[in-house]
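Okay, so here's the structure we're looking at.
The values are calculated or read from the model by the stated rules, or taken from the named source; none is laboratory data. Because the structure is a prediction, the values reported are computed rather than measured. We place every Cβ from the backbone using ideal geometry, glycine too, and count neighbours over all the protein chains shown.
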Amino acid sequence: MKTEKVFTSLRVLINDHHEDKAKFCVECGKLATQEALFSVGSGVTLIEKYCGLCAIIVGGFKPTLI
Ligand SMILES: [Zn+2]
């Protein structure tokens, strides 16, 4: 069975200052500021970290400022 990853929502990534590791965008490697939530079926949610721009792209929104 093929698992399909369906984008559901974005939320602001809270960087925990008690953690040593900063979180980076999975697309471009910049500091992540957003989390994108995907439904992968069976009620399972996958969370990936993105910077602001990649989060917009992965969410299917076209950047308005070019
Ligand atoms: Zn990025």
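Going by the structure shown, is Ala55 in a helix (DSSP H, G or I), within 16 Å of the ligand (Cβ to nearest atom) and at pLDDT 90 or above? Against the criterion (in a helix (DSSP H, G or I), within 16 Å of the ligand (Cβ to nearest atom) and at pLDDT 90 or above), Ala55 qualifies.
Of everything in the stretch 29-60 that is within 10 Å of Thr8 (Cβ to Cβ) and of a type in the set (Ser, Thr, Tyr), the residue that is surrounded by the most Cβ atoms within 10 Å (Cβ to Cβ) is Ser39. Go through the residues of the stretch 19-32 one by one and say whether even a single one is away from the ligand (no atom under 11 Å from the Cβ), outside any strand (DSSP E or B), at pLDDT below 90 and under 9 Å from the mean Cα position of the chain (by Cα). Looking through the stretch 19-32, none of the residues is away from the ligand (no atom under 11 Å from the Cβ), outside any strand (DSSP E or B), at pLDDT below 90 and under 9 Å from the mean Cα position of the chain (by Cα).
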